[in-house]
Amino acid sequence: MNDQSAFLIYGAPDLIAERKNWLASLASERRLSPETLEAYERDLRQFLQFMTGYLGAPVRLKDVSALKPMDLRGFLAERRRAGAGARTLGRGLAGIRSFVRFLEKKGLASSAGLSATKAPKQPKTLPKPISASKAIQLTDPTEHMRDEPWIAARDVAVITLLYGCGLRISEALALTPSIISASTTSIPILGKGGKTRLAPLLPVIREAIAQYQKICPFYLKPDAPLFRGAKGGDLRPEIIQRQIKKLRSALNLPDTTTPHALRHSFATHLLGNGGDLRTIQELLGHASLSTTQIYTGVDTQRLLDIYENTHPRA
């Protein structure tokens, strides 16, 4: 693509020259990938096209140097009307910000207008839940091929806790032997913000933990972390993350299958089998019901359906 001809209608020569210098610096100094470089180029092109229409003339360097928040809000509003989502808008603003800051370093512009413009709020994203059958496969001892049987048993116990109790991986690895016995039916979990909740301990989870404890070669101090690494130290989260990554390939699971996806699956499967949101909120340790609603993918219509089917006066 010829640089000068492609941008002649969107910018005056002084701006086109600096835009070319900016792209060259992104490629040589910041070493951006070709895909990212192309996205930044496109974002700036769209903005210059908007500004050309907005000003009624090709954009000059001094026009960019004096950008106001209202200019940027107008651009974002137009892109939103064209169907761009929050992520696209946020990335577009990042491209414009990169160009203006490039100019600012050369004393050719100020980023004050950009600093006063907030990027659109990004939607909360969560790992996709996996099916119940695949989640159960992840906890099947026969799927865990390890040189040391006790390490395989450890991995099974941790993964069973993640899916069976909906724990965060940090919560599972913080458990101590003192809170778990053969008759334990629930365990206290210290979650985010120092909030403690109770997690029911199903027999299958107790059995998995008991099997690990039985064959673990290290002494498990009552008040020290229950799960040990290969050399006896505290088990690190990345060890379990790597094991689940290996199992993804063996079980033909999507790349989104992570320890946190098992917690998400726990919540989704409970809801799908008739669990109510308030109970799931307590089990997950969420501070607000709205977080649980987002977490389980429940939309407003689903909430109304639950209400109409369960409320005595509905």
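Each value in this text was obtained by applying a stated rule to the coordinates, not by laboratory testing. Predicted model, so just to flag it, every value in this text is computed and none were measured. Positions of Cβ are backbone-derived with ideal geometry, glycine not excepted, and every protein chain shown enters the neighbour counts.
Descriptive notes on the structure:
- The convex hull of the Cα atoms of the range 132-259, projected and averaged over all directions, covers 7.7 nm².
- Amide H to amide H, with H built 1.01 Å from N, GLY275 comes under 5 Å of no residue 5 or more places away or on another chain.
- Contact order normalised by residue count of the chain, Cα under 8 Å, 6+ apart, percent: 15 percent
- Estimated [θ] at 222 nm from DSSP helical runs (n ≥ 4, -39500 (n - 2.57)) normalised by residues in the chain, nearest 500: -17500 deg cm²/dmol
- The chain: Cα Rg divided by the 2.2 N^0.38 Å rule of thumb: 1.38
- Radius of gyration over Kirkwood radius for the range 3-115, both on Cα atoms: the Rg/Rh ratio is 0.93.
- Helix 259-272 and the longest principal axis of the Cα set of the chain meet at an angle near 80°.
- Whole-Hz Karplus values for the range 190-199 come out as 8, x, 5, x, x, 7, 9, 9, 9, 10 Hz, taken residue by residue from phi with 6.51 cos²θ - 1.76 cosθ + 1.60 and θ = phi - 60°; glycine and proline positions read x.
- Annotation for the range 182-237: trypsin sites (Lys or Arg not before Pro) lying in DSSP loop with at most 12 further Cβ atoms inside 10 Å of their Cβ are LYS195, LYS231.
- Net charge of neighbours whose Cβ lies under 9 Å from the Cβ of THR257, counting Lys and Arg as +1 and Asp and Glu as -1: +3
- 11 Å beta-carbon shell around LEU247, net charge (K/R +1, D/E -1): +2
- Karplus-based coupling profile of the range 45-54, in residue order and whole Hz: 4, 5, 5, 5, 5, 4, 5, 4, x, 5, with θ = phi - 60° in 6.51 cos²θ - 1.76 cosθ + 1.60 and x standing for Gly or Pro.
- Axis of helix 300-310 versus longest Cα principal axis of the chain: the two differ by about 30°, to the nearest ten degrees.
- To the nearest ten degrees, helix 237-250 and the longest principal axis of the Cα atoms of the chain are 90 degrees apart.
- Think of the chain as a dipole: +1 on every Lys or Arg Cβ, -1 on every Asp or Glu Cβ, centred on the Cα centre; then among ALA66, THR160, MET145, ALA66 lies furthest on the positive end.
- Near LEU175, the amide H atoms lying under 5 Å from its own belong to LEU226; only residues 5 or more places off or on other chains count, and H is placed 1.01 Å from N.
- Placing unit charges on the Cβ atoms only, positive for Lys and Arg and negative for Asp and Glu, gives the chain a dipole magnitude near 640 debye about its Cα centre.
- Charge sum, other residues only, whose C-beta stays under 11 Å from LEU190's C-beta, Lys/Arg counted +1 and Asp/Glu -1: +3
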